[in-house]
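Here the structure is laid out as structure tokens; the discussion comes afterwards.
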Amino acid sequence: MRLLPADPPPGPTRPTFWRSPLRSVWLTSMLGSVLLVGVGIVAVTGLLSHAAYQPDLGNNGLIEKDIGVLVIGWPTSPGWLYAFTQGLHVTIGIIIVPLLLAKLWSVIPRLFAWPPVTGPVNALERIGILLLVGSTIFQFATGIANAQLYYPWHFNFVGAHYYGGLIFIASLVLHVAVKVPAMRRAYATRREVLGPEDDELRAPDPAPGTLSRRGLFGLVGAAAGTLAVTTAGQSIGGPLRDVALFAPRGTGASFPINKTAAVARITPAMVGPAYRLKLVGDDERELTLAELAAMPQHTYDLQIACVEGWSTTQQWTGVRLRDLAAAAGMPDAAAMAAGSLQPRGAFRQATIGPGQIGHPHSLLALRVNGAPLSLDHGFPARVIVPALPGVHCTKWVKELHFT
Amino acid sequence: MKRAAGHILLIAATAWLLAQMFHVNVAPQPLNLVLWLALGALVHDLLLLPLYSGADALIRRLPAPVINHVRFPVAISAVLLLVWFPLILQRRPSGYVNALGREPPDYLGRWLAVTAGLFVLSGVVYAVRRLTASRAGAPRPSGR
């Protein structure tokens, strides 16, 4: 029984509707190959970012059922590790947007292929493509919006971006496996030889050309380059920081903050003379700010890197976390949970592991660039650990719990 | 058959991942998440793509030598807007200034300035091409 006419109705379902002389399997293969490198970097660095949050420690896990892909012990060395991986994740994710658009444009006639479904295997393949395109756009849209603090949805970003990423990776792996033969054929064949009958993407009735293929690559490259120049500076720093015109952070005189004391509901009374740092371990004791300042102080240039892509290096001074572990009677602590004065919010606490506690550069910082911390930067004391995501470098520390 | 098995496996894995995703902690309103997952592809394929194809068709009506000198700045500026529209159109949460502790820069002005710069650059390239072509006395190559 035939439900649909054999001939496509007028409109985009007819091959002659699509007239760009640029479309071909070769072009799509080329765009797809470069895009694959880009999304590969974004996917791996995305999973690494999940690992850097160390969801297996303490109450770090933000996702109820974490299936633990690539959860590894996150190292402290090199100190720029998270700035590098997360800078790549955000920057590459932004600059490959034009490439993604070009790739989707190059295959759009396939969306309207007639008949829409040729059989059960074809139906499964089309569902697979829908999952791939849907999850790709979902990942790009949610990630880029998150970097701009724009949340027009009603779900948890971290969880949705994590699971969305896994769906994206699964559907991409299958897509690449299915398409490799077609790509090989396209690269092996001189494109002039292939007519519309051999090349499902080539227009049977092409319009006169207005842009060469090289011109199209030039356009994609120019758009990607403009995005790179106006964004990358927030991660790379130096003179590029001044031209990062659209980077949501990282421009301006002082280094960025993600959450002010006002938003975190930190009041001056909380950090006044009554402030005590509570150390919990084998012993439990309280230290005044003066007692903390009387402990051996160490100064290091440490990078602070945000999940949203920006990073900056500043000079931090404070007490080594391992000295504080010893002061709590736990010199060989396996974990340290830092609690903030901040009364609410997912990141008012964070737990780090033994390598991070023991690293000589891991500090409970009291000063930055020679001056006491400002209230917005976490006065009286904040955690700073090499290669740890910025949001886990707890500010306004009230309590350190060693176990 | 191998392909079919691969796809069935993918669909099963996705269904399982979606089930994880619909946990109350991630998606208190599952329908909203489903819409976001499904609508992105539809918005792109049925709205965005026809929109920019239509805009390009308008640009193609210009005299041949000018086409790409308009197409390039328009396309690059449009991509910038697509990526940064929450900043450019000030779609930010009410607590934004409070959270960052400073007034954000004028992103709309920056975008307009970059767009103007792209047009100027493209115009300069066009002028240089015309000049060199007329000096050489050869007819200008009009884009293929």
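Show me the helices of chain A, taken as full DSSP H stretches, that run 18 Å or more along their long axis by Cα and average 0.0 or above in Kyte-Doolittle hydropathy. Qualifying helices: A:25-52, A:81-95, A:120-147, A:157-188, A:213-229. Between the Cα long axis of helix B:2-21 and the first principal axis of chain B there is an angle of about 70°, rounded to the nearest 10.
At a 1.4 Å probe, which residues in the range A:110-143 are at least 40 Å² less accessible with all protein chains present than in their chain isolated? The answer is A:121, A:124, A:125, A:131, A:137, A:138 - residues whose exposure falls by at least 40 Å² when every protein chain is included. Along the charge dipole of the protein assembly as shown, pointing to its positive end and built from +1/-1 on Cβ of Lys, Arg, Asp and Glu, which listed residue (A:57, A:5, A:359) has its Cα farthest out? It is A:5. Toward the positive end of the charge dipole of chain A, about the Cα centre and with charges on Cβ (Lys, Arg +1; Asp, Glu -1), which of A:86, A:397, A:16 goes farthest? My answer, from the dipole projection, is A:16.
About its Cα centre, chain A has a charge dipole of approximately 900 debye under the convention of +1 per Lys or Arg Cβ and -1 per Asp or Glu Cβ, with nothing else charged.
Total lysine pairs in the protein assembly as shown at Cα distances under 29 Å, for residues eight or more apart or on different chains: 10.
Roughly how crowded by other chains is peptide B:5-17, in terms of the mean Cβ count from those chains within 10 Å of each of its Cβ atoms?
Per residue, the number of nearby Cβ atoms from other chains is 6 on average.
By definition, a body whose alpha carbon gyration tensor gives a ≥ b ≥ c is oblate when a/c is 1.5 or more and a/b is not larger than b/c, and the range A:121-237 fits this oblate description. From the alpha carbon centroid of the range B:55-78 to that of the range A:178-247 is 17 Å. In this label model, residue A:157 and residue A:276 are separated by 3.7 nm, measuring between points 7 Å along each Cα→Cβ vector. Per-residue 3J(HN,Hα) values for the range A:370-379, derived from phi via the Karplus relation 6.51 cos²θ - 1.76 cosθ + 1.60 with θ = phi - 60°, read x, 10, x, 3, 6, 4, 5, 8, x, 3 Hz in sequence order (x marks Gly and Pro). Using the Cβ-Cβ distance between residue A:16 and residue A:177 with R0 = 25 Å, the FRET efficiency computed as 1/(1 + (r/R0)^6) comes to roughly 0.20. What the Cβ-Cβ distance of residue A:123 and residue B:29 gives, at R0 = 35 Å and to the nearest 0.05, is a FRET efficiency of 0.75.
Rounded, prolate or oblate, given the Cα gyration tensor of the range A:317-393, with a/c below 1.5 counting as rounded?
Numbers: a/c = 1.72, a/b = 1.24, b/c = 1.38.
Oblate.
Paramagnetic label reach from residue A:59 (point 7 Å along Cα→Cβ; backbone nitrogen cut-off under 14 Å): within the range A:338-367, residues A:338-352.
Counting only protein chain heavy atoms and rolling a 1.4 Å probe, the accessible areas of A:284, A:399 rank, largest first, as A:284, A:399.
Estimated at 0.36 nm per residue, the fully extended path between residue A:33 and residue A:291 surpasses their Cα-Cα distance by 87.0 nm. Annotation: the range B:1-61 has a Kirkwood hydrodynamic radius of 14.5 angstrom, from the mean reciprocal C-alpha pair distance. Charge dipole (Cα centre; +1 on Lys/Arg Cβ, -1 on Asp/Glu Cβ; no other charges) of chain B amounts to roughly 720 debye.
Placing +1 on the Cβ of every Lys and Arg and -1 on the Cβ of every Asp and Glu, with nothing else charged, gives the range A:59-193 a dipole about its Cα centre of roughly 620 debye. Ranked by solvent-accessible area (1.4 Å probe, protein heavy atoms only, all chains present), the residues B:79, B:125 order from largest to smallest as B:125, B:79.
Applying both filters, DSSP loop and at most 12 other Cβ atoms within 10 Å, to the trypsin sites (Lys or Arg not before Pro) of the range A:302-374 gives A:344.
For chain B, the 222 nm mean residue ellipticity estimated from helices alone, with every DSSP H stretch of n ≥ 4 adding -39500 (n - 2.57) and the total spread over all residues, rounds to -24500 deg cm²/dmol. Simple rule: put +1 on each Lys or Arg Cβ and -1 on each Asp or Glu Cβ in the protein assembly as shown, find the dipole, and look at A:153, A:387, B:28; the Cα lying farthest toward the positive end is A:153. Placing a pseudo-label 7 Å from each Cα along the Cα-to-Cβ vector at residue B:13 and residue A:212 gives an inter-label distance of 4.1 nm. Between the range A:1-64 and the range A:132-167, the alpha-carbon centres lie 14 Å apart. Estimated purely from DSSP H runs of n ≥ 4, each contributing -39500 (n - 2.57), the mean residue ellipticity at 222 nm for chain A is -13000 deg cm²/dmol once divided by its residues.
The values are calculated or read from the model by the stated rules, or taken from the named source; none is laboratory data. The model shown is predicted, which means the values in this text are computed figures rather than measured ones. Here the Cβ is made from the backbone with ideal geometry for all residues, glycine too, and neighbour counts use every protein chain on show. When the accessible area is computed, the model is the full protein with side chains, heavy atoms only, and any ligands, DNA or RNA have been set aside. Shrake-Rupley method; radii C 1.70, N 1.55, O 1.52, S 1.80 Å.
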